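One structure is given here, and the rest of the page talks about it.
The values are calculated or read from the model by the stated rules, or taken from the named source; none is laboratory data. Since the model is a prediction, treat every value here as computed from it, not as a measurement. Every residue, glycine as well, gets a Cβ built from its backbone with ideal geometry; the counts of neighbours run over all protein chains shown. Please note that ligands, DNA and RNA were not included when accessible areas were found on the heavy atoms of the full protein model with its side chains. Shrake-Rupley method; radii C 1.70, N 1.55, O 1.52, S 1.80 Å.
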Amino acid sequence: MDTVFIEDLRIDAVIGIYDWERRVRQTLSFDIEMAFDNTVPAGSDDIALTLNYKDVSKRLIGYVEASSFGLVETLAERCAAIIREEFGVGWVRLKLSKPGAVRGAKAVGVCIERGTRP
Ligand SMILES: Nc1nc2c(c(=O)[nH]1)N=C([C@H](O)[C@@H](O)CO)CN2
């Protein structure tokens, strides 16, 4: 299975369940793997035939910056749905990390897989 990936995409957002978290923006990190047949664009060297990681990144940046969910689970689910529905991706693995949220841990968060692997 081929993939297109986005690693450590950092986006600031309002996220969290505590009162103080509703008043600040925190940096989140996204690691994303998306199933895609890369032989098609490779055969023509045509950007239009790719799953364009810049387009996906820009869409997520806009969405996440405007979001204000309590749970990382909710945000991860919405982002996975955008990738699948708007970019025609059949399978996605999305890890959403909240760096520094827990003392002693480098990061905490969730990893979800949605859709069917080709
Ligand atoms: N499974 C989760 N656990 C926790 C979350 C979360 O979104 N999902 N959030 C928090 C707080 O917002 C935390 O990040 C503040 O440090 C706690 N646990």
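In this entry, Ser57 passes the filter for residues that are modelled with pLDDT of 95 or more, under 13 Å from the mean Cα position of the chain (by Cα) and away from the ligand (no atom under 16 Å from the Cβ). Does Ile83 meet the test of being surrounded by 13 or more Cβ atoms within 10 Å (Cβ to Cβ) and part of a helix (DSSP H, G or I)? Considered against the rule, which asks whether it is surrounded by 13 or more Cβ atoms within 10 Å (Cβ to Cβ) and part of a helix (DSSP H, G or I), Ile83 comes out as yes. Only one entry of Arg78, Arg103, Arg117 meets the criterion of being of a type in the set (Lys, Arg), assigned to a loop (DSSP other than H, G, I, E, B) and within 16 Å of the ligand (Cβ to nearest atom), and that entry is Arg103.
Out of the residues in the stretch 1-26 that are within 17 Å of the chain's Cα centre (by Cα) and open to solvent by 60 Å² or more (accessible area, probe 1.4 Å), state the one that is nearest to Gly90 (Cα to Cα). Filtering the stretch 1-26 for residues that are within 17 Å of the chain's Cα centre (by Cα) and open to solvent by 60 Å² or more (accessible area, probe 1.4 Å), the one nearest to Gly90 (Cα to Cα) comes out as Phe5.
Return the total of residues in the stretch 1-53 being in contact (Cβ under 8 Å) with a residue 12 or more places away in the chain, away from the ligand (no atom under 16 Å from the Cβ) and not aliphatic (A, V, I, L, M). Quick ask: steps written out before the conclusion?
Residues of the stretch 1-53 that are in contact (Cβ under 8 Å) with a residue 12 or more places away in the chain, as a first pass: 1-17, 22, 25-39, 50-51, 53.
Going one step further and asking which of them are away from the ligand (no atom under 16 Å from the Cβ), we end up with 1-10, 31-39, 50-51, 53.
Now restrict to residues that are not aliphatic (A, V, I, L, M): 2-3, 5, 7-8, 10, 31, 33, 36-39, 50, 53.
Going through the stretch 1-53 one residue at a time, the tally reaches 14.
Scanning the stretch 86-100 for residues that are part of a strand (DSSP E or B) and within 16 Å of the ligand (Cβ to nearest atom) yields a count of 6.
Among the residues of the stretch 12-28, those identified as touching a Ser or Thr at 6+ places or on another chain (Cβ under 9 Å) and under 16 Å from Leu71 (Cβ atoms) are Ala13, Val14, Ile15, Arg22, Leu28. Entry remark, the stretch 30-43: residues being among the small types (Gly, Ala, Ser), surrounded by 12 or more Cβ atoms within 10 Å (Cβ to Cβ) and more than 21 Å from the chain's Cα centre (by Cα) number 1 in total. Listed by first and then second residue, the pairs linking a residue in the stretch 73-102 that is free of Cβ contacts under 8 Å to residues at least 60 places away in the same chain and of a type in the set (A, V, I, L, M, F, W, C) to a residue that is open to solvent by less than 50 Å² (accessible area, probe 1.4 Å) and in a loop (DSSP other than H, G, I, E, B), with Cβ atoms under 6 Å apart and 6 or more places separating them unless they lie on different chains, are Ile83/Val89. Restricting attention to the stretch 44-69, the residues that are part of a loop (DSSP other than H, G, I, E, B), open to solvent by 50 Å² or more (accessible area, probe 1.4 Å) and closer than 30 Å to Arg23 by Cα add up to 1.
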